[in-house]
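Notes follow the structure.
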Amino acid sequence: MEKHGFKVYRQTGSHIHLWNEERNLVVTVPNHPELAKGTLISIMKQARLERKEFIAALKE
C-alpha cells in the first residue's frame, strides 16, 4: 500500500489503519500473514484502487 501513497496512521490490535493524504482516505488492513480473497478485494475498494493498478504495484 506504500507504493500507492498510504502510510501507517495507527494500529489497533491486529489491524493497521493506513492514511493517504492525497486521496484523504483511511484504509484498515488486518495484520495477518495471509489474507482471504474477499478481504483483499475489500481493501482495494476502501483504497479506491483498480485490480490492475494493485497487481502492477505488487510486481514492482
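Bear in mind that the values in this text are calculations on the coordinates, not laboratory data. As the structure is a prediction and not an experimental result, all values here were calculated from the model. Cβ coordinates were reconstructed from backbone atoms using ideal geometry, including for glycine residues, and neighbour counts include every protein chain displayed.
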> What about MET1, is it of a type in the set (A, V, I, L, M) and without any contact (Cβ under 8 Å) to a residue 40 or more places away in the chain?
Replying inline: no
> Yes or no: ARG23 on the phi > 0 side of the Ramachandran plot, touching a Lys or Arg at 6+ places or on another chain (Cβ under 7 Å) and not aromatic (Phe, Trp, Tyr)?
Replying inline: no
> If you take just the strands (runs of 3 or more DSSP E) that sit entirely in the chain, which of them hold at least 3 residues that are among the aliphatic types (A, V, I, L, M) and surrounded by 10 or more Cβ atoms within 10 Å (Cβ to Cβ)?
Replying inline: 25-30
